[in-house]
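Each remark here refers to the structure printed beneath this line.
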Amino acid sequence: MAEPKKLFIKTYGCQMNVYDSERMAEALGTQGYVMTDTAEAADMILLNTCHIREKASEKVYSELGRLKPLKDLNPDLKIGIAGCVAQAEGEEIMRRAPVVDLVVGPQSYHRLPAMEAQVRAGQKALDTEFPAEDKFEHLPRRPLPNRAPTAFLTVQEGCDKFCAFCVVPYTRGAEVSRPVDRILSEARDLAERGVREITLLGQNVNAYHGAAQDGAWTLARLIRDLARIDGLARIRFTTSHPNDMDDDLIAAHGDCDKLMPYLHLPVQSGSDRILKAMNRKHTAADYLRLIDRLRAARPDILLSGDFIVGFPGETDADFEATLDLVRAVGYGQAYSFKYSARPGTPAAERPGVAPDVADARLQQLQALLTEQQRATQAGMVGREVKVLFEKPGRMAGQMVGKSEYLHAVHVTSDAVAIGDIARVRILASGPNSLAGEVLGLV
Ligand code: SAH
Ligand code: SF4
Ligand code: F3S
């Protein structure tokens, strides 16, 4: 038997890319590929790329520079670009970078096997269309071996919101929801293979409106149905838009035990003027009211967010309003970014904030968010949480898992195995994780 061909995938960007990389590996598995951990051993290298900020998309070009010598050593090596940079700049990359054999946009992964055959025959292959058919319907059913206790499951893709700074509506296309029965059967498959926690993914996951026999379902309804799957203990979802948090989804945080008390809810800015310029279609007060309602439904919910500083036109007063909003919410953790002008987006045409001003704001915001994160973690000390164990720790006898609140928790115990959920008392808080003692299995 011929030796199997080896596939190396490097994944950048968001969790949707992580999920897609897994599905691409499965699709190329049908062509006889097995995964390898090193680029040097590969017959095919795929870079699953991110276009969200300039720094993210530049990584592709530097990585291609590093890969070129491998191709000189092994002329049979094929190099492909997938993901959001492929969608945005794929044709240009193909023209400019002769090392690239294949360019595939995020909605065309089901066409990979055919494209692979094309590049093996010595041609180049490019597909950045938004085909009418759903890529997931045409990807092979997930032939999963026993696997890690947590998994991503994409339920929705694309975005119709068109925030003025963002490339996602252009790279991922319009909002599309996967049908309910496909999601439920994929979730059952995952649970049968030992998955205990599923994170539902979408660029705007709470805009989910997937078709079922009795009409379109909301995300809340989908979550309540998934909660009935035996073995599946935890459900999360990300990323949500404030305007799509409906009453039932808020209520689910209070009455659905399997839905974890953690929500990533980006707001981007605390200034109404900037929110308007960003085309967010909500005010800071709308957002704060929403947070109040979520906390009324689930008082211990841990909130996470995304912020952009230095958006065109942002004044000191606008930035102060962002700091005020952060103080008012009290985030358990959050991400903050310096605005990056992206070609083709409306905001890219507008005059920007001076880079040193934006840098200073980013530092100030990050200091505040870090302080809130530390305080949240310190507040866990002495509390009892439930931890789903995911892997051994670095020290002998150590195990690491995640609490309901998505904090990494270390324990030293031989009483727990990967996939177990245990009650743990938190004893100490470090910079990025907690340490605790196991009280007993759940
Ligand atoms: N669909 C999600 C995630 C979008 S991308 C959402 O709506 O929140 C993740 C984050 O990247 C965004 O929330 C935003 O904070 C940041 N981001 C997007 N475009 C950006 C840009 N041009 N410059 C800086 N940060 C950006
Ligand atoms: Fe981008 Fe806005 Fe859509 Fe999020 S909601 S993906 S930030 S356009
Ligand atoms: Fe990046 Fe595309 Fe995700 S731009 S953040 S990989 S949707």
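The values are calculated or read from the model by the stated rules, or taken from the named source; none is laboratory data. Please read all numbers here as calculations on a predicted model, not as lab measurements. Because the Cβ atoms are built from the backbone with ideal geometry, glycine has one as well, and the counts that use them run over all protein chains shown. The accessibility values were calculated without ligands, DNA or RNA, using every heavy atom of the protein model including side chains. Shrake-Rupley method; radii C 1.70, N 1.55, O 1.52, S 1.80 Å.
In segment 340-353, the residue that is most open to solvent (accessible area, probe 1.4 Å) out of those that are in a loop (DSSP other than H, G, I, E, B) and away from ligand 2 (no atom under 12 Å from the Cβ) is P351. Across segment 176-202, the qualifying residues are those that are of a type outside the set (V, I, T) and within 17 Å of C14 (Cα to Cα), and the one among them that is nearest to ligand 1 (Cβ to nearest atom) is G202. How many of the residues making up segment 319-328 are open to solvent by less than 20 Å² (accessible area, probe 1.4 Å) and out of contact with any Phe, Trp or Tyr (no Cβ under 8 Å at 6 or more places or on another chain)? Qualifying residue count for the region: 2. For segment 289-301, which residues satisfy the criterion of being under 10 Å from P242 (Cα atoms) and touching a residue at least 40 places away in the same chain (Cβ under 8 Å)? Hit for segment 289-301 is L290, nothing else.
Looking only at segment 174-206, residues that are crowded, with 20+ Cβ neighbours inside 10 Å, over 20 Å from M245 (Cα atoms) and modelled with pLDDT of 95 or more come to 5 in all. If the condition is being touching a Leu at 6+ places or on another chain (Cβ under 8 Å), among the hydrophobic types (A, V, I, L, M, F, W, C) and either within 16 Å of ligand 3 (Cβ to nearest atom) or more than 30 Å from P169 (Cβ to Cβ) (or both), then segment 45-66 contributes L46, L47, V60.
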